[in-house]
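Here's the structure, in structure tokens; my notes come after.
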Amino acid sequence: MSQSSRATGAAPETTPASGHVAHFIRNIVEADLASGRFEGRRWPGRPGPAALKANAPADPAPIRTRFPPEPNGYLHIGHAKSICLNFGLARDYGGVCHMRFDDTNPEKEEQEYVDAILDAVRWLGFDWGEHLYYASDYFEWMYEFAELLIKNGHAYVDSLSAEEMRAYRGTLTEPGKDSPYRNRSVEENLDLFRRMRAGEFKEGEHVLRAKIDMASPNINMRDPTIYRIRHASHHRTGDKWCIYPMYTFAHPIEDALENITHSLCTLEFEDQRPFYEWLLERIAEAGGLTRPLPVQTEFARLNLTYVVLSKRKLIQLVQEGHVDGWDDPRMPTIVGFRRRGYTPESIRLFCERIGISKADSWIDMTVLEDCLREDLNERAPRRIAVLDPLKLVIENYPEGRSEECYAPNHPQKPEWGKRAVPFSRELWIEREDFMENPPKGYFRLAPGAMVRLRYGYVVKCTGFEKDADGNVTLVRCEYLPDSKSGTPGADQYKVKGNIHWVSAAHAYECQVRLYDRLFRVPHPGAGDRDFLDDLNPDSKRVITAYLEPALKDAQPEERFQFERHGYFVADRVDSKPGAPVFNRAVTLRDSWAKKGGQP
């Protein structure tokens, strides 16, 4: 079976031996393991052509995968799909996944991005052990392989300008034309290429191109550029190099040097696979690599509604100040989701739930949000918070007195115990829990109505006050002393309303950020619209809320369910000891469905 033909097909219905959700790539891996396709590989303990040595030990890993980001930005939720796939397959089949940076473009790469990427992969729960690599580790080998191609007539130095190269390349319907420099001798090509390395030429004067077929129907096979001149300092190699390999040249070589068996990438690289295979075959034919060679397989990238995953658009959002940085909780970056309050477990669950296929499709944001709700419903302690406060005064409760009410830390986990919540004469309740003229079916506070203060007493509304604009500023009530929850006889009071509250004297006054979706439509920028026109103006709202006093000791990244409101996290950046700031991660249920997708 050819490398090209094996990468097709739909997700299988069979369950793989690993016990995980089946998909076509798992079927490929299992078929390769069963056939022994990659047996006989050598692994001398580090990447490189040392595998050619007869005495190099056999590779102990049945499969090797890799996660190969370019260090020119922060990872987003689409990368999480690739991370879970590559590290997950290696884990499930007893193999190894390499963490590798494709750092071939010195003008856009920074150490900041390297550090952020490593941190994101660790946070998602994966570890590469000793297998951390960089494309720049292999620059010398890549250069030697380029010379090998020249010596065997498979590469040449071209001196056309960029504009001329585009004109010679042809179109999707018309073949390209050979460059007038295509038939330079091996000796002239080697001389020019070595002088390019020595820094004798300006950027754009020359490039090194593979010599394949300018009439190929696949435009990627029309003598693609494999080296260009860049007088730029590299974040790892400094000024050692002034020529740098193109990504499409470097990537397959890195895979081969690292003994990668399954090179997994998204569908936009499908048309690049013929060059991937051509390059490795040419180098192997010349004795530079041994078989079996890596195999490239493509899968559909993640398309998620209500976000943009284009790196260019994400950079624009940050640079133009539409968000508060790469870790803004509205951003689809992994660091943004983390700050929002998402857990690694919820993102891994999402990646497994959406599966792997060859067909492009859209995943609704509700799938991701439901994975977080599902995870946090089990792990998040319950707490009380009043987000839109209205003062309630219990007129027959003694002034200066307070007592404790007891609330479960988790209603489905009695083993988590209960906590004390202070109760006093003056409380904060939600503004929506009182109405002067309630409609039919409204069971919360209204003049003359009775409700239970959750975990506390039954109260009856006796009056209220308004300001000059007609806004209710205070509600007056009386409580029934023998109605306290959990005490004998309290069940005799049957009321339909049950509202939450916090003691005004004990509450923690706190900044709370209510985050929503960054865009107001499922497909930002669809058609001819500017994606910025689809920004949701209500994606961030900062309020002052009153929280039960136990929340004052919350640690950064500690997550809670605020009863009735959703799941919240103590901000990992702005929280201080004894003064946490909370971000809303997700509401308790999908409020967008009720609004027809509009905020």
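From the list L368, L349, the lone residue that is aliphatic (A, V, I, L, M) and either under 20 Å from L514 (Cα atoms) or touching a residue at least 60 places away in the same chain (Cβ under 8 Å) (or both) is L368. For region 52-63, the criterion of being touching a helix residue (DSSP H, G or I) at 6+ places or on another chain (Cβ under 7 Å) and at pLDDT 90 or above is satisfied by at least one residue.
In region 92-113, which residue that is aromatic (F, W, Y) and within 19 Å of the chain's Cα centre (by Cα) is farthest from T248 (Cα to Cα)? Result: Y113. On inspection, R348 fails the criterion of being of a type in the set (K, R), in contact with a strand residue (DSSP E or B) (Cβ under 6 Å, 6 or more places away or on another chain) and surrounded by fewer than 22 Cβ atoms within 10 Å (Cβ to Cβ).
Here E352 passes the criteria (1) over 20 Å from D534 (Cβ atoms); (2) within 13 Å of the chain's Cα centre (by Cα) except the one numbered (2). Kindly indicate whether any position in region 121-128 is over 25 Å from H23 (Cβ atoms), within 24 Å of the chain's Cα centre (by Cα), of a type in the set (D, E) and open to solvent by 20 Å² or more (accessible area, probe 1.4 Å). No, the conditions are met nowhere in region 121-128.
If you filter region 32-41 down to residues that are assigned to a helix (DSSP H, G or I) and closer than 15 Å to A90 by Cα, you find that the one that is most open to solvent (accessible area, probe 1.4 Å) is L33. Among the residues of region 448-470, write down those that are touching a helix residue (DSSP H, G or I) at 6+ places or on another chain (Cβ under 9 Å) and part of a loop (DSSP other than H, G, I, E, B). Matches in region 448-470: Y457 only. Scanning region 486-520 for residues that are of a type in the set (V, I, T) and open to solvent by less than 20 Å² (accessible area, probe 1.4 Å) yields I499, V502, V512.
In region 127-147, the residues that are in contact (Cβ under 8 Å) with a residue 24 or more places away in the chain reach residues that are open to solvent by 30 Å² or more (accessible area, probe 1.4 Å) and part of a loop (DSSP other than H, G, I, E, B) with C-beta atoms within less than 6 angstrom, at least six apart or across chains, in these pairs: S136/R236; S136/T237. Close Cβ contacts (under 6 Å, 6 or more residues apart or on different chains) running from residues in region 99-126 that are closer than 22 Å to R46 by Cα to residues that are in a loop (DSSP other than H, G, I, E, B) and open to solvent by 40 Å² or more (accessible area, probe 1.4 Å) comprise D102/E70.
Residues are listed down the side, and each one gets a yes or a no for (1) open to solvent by 70 Å² or more (accessible area, probe 1.4 Å); (2) modelled with pLDDT of 95 or more; (3) not polar (S, T, N, Q):
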{"position": "E147", "(1), (2), (3)": "no, yes, yes"}
{"position": "A155", "(1), (2), (3)": "no, yes, yes"}
{"position": "S161", "(1), (2), (3)": "no, yes, no"}
{"position": "R182", "(1), (2), (3)": "no, yes, yes"}
{"position": "R195", "(1), (2), (3)": "yes, yes, yes"}
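The set of residues in region 469-516 that are in contact with a Gly (Cβ under 7 Å, 6 or more places away or on another chain) and of a type in the set (D, E, K, R) comprises R476, D482, K484. All but one of (1) within 21 Å of D375 (Cβ to Cβ); (2) open to solvent by less than 50 Å² (accessible area, probe 1.4 Å); (3) touching a residue at least 60 places away in the same chain (Cβ under 8 Å) hold for R564, so report the exception by its number. Going through the list (1) within 21 Å of D375 (Cβ to Cβ); (2) open to solvent by less than 50 Å² (accessible area, probe 1.4 Å); (3) touching a residue at least 60 places away in the same chain (Cβ under 8 Å), R564 breaks only (2).
Taking region 539-551 as the range and being surrounded by 16 or more Cβ atoms within 10 Å (Cβ to Cβ) and either assigned to a strand (DSSP E or B) or among the charged types (D, E, K, R) (or both) as the test, the residues that pass are K540, A545, Y546, L547, E548.
The values are calculated or read from the model by the stated rules, or taken from the named source; none is laboratory data. Because the structure is a prediction, the values reported are computed rather than measured. Glycine gets a Cβ as well: all are built from the backbone with ideal geometry, and neighbour counts include every protein chain shown. These accessible areas exclude ligands, DNA and RNA; they are computed on the full protein's heavy atoms, side chains included. Shrake-Rupley method; radii C 1.70, N 1.55, O 1.52, S 1.80 Å.
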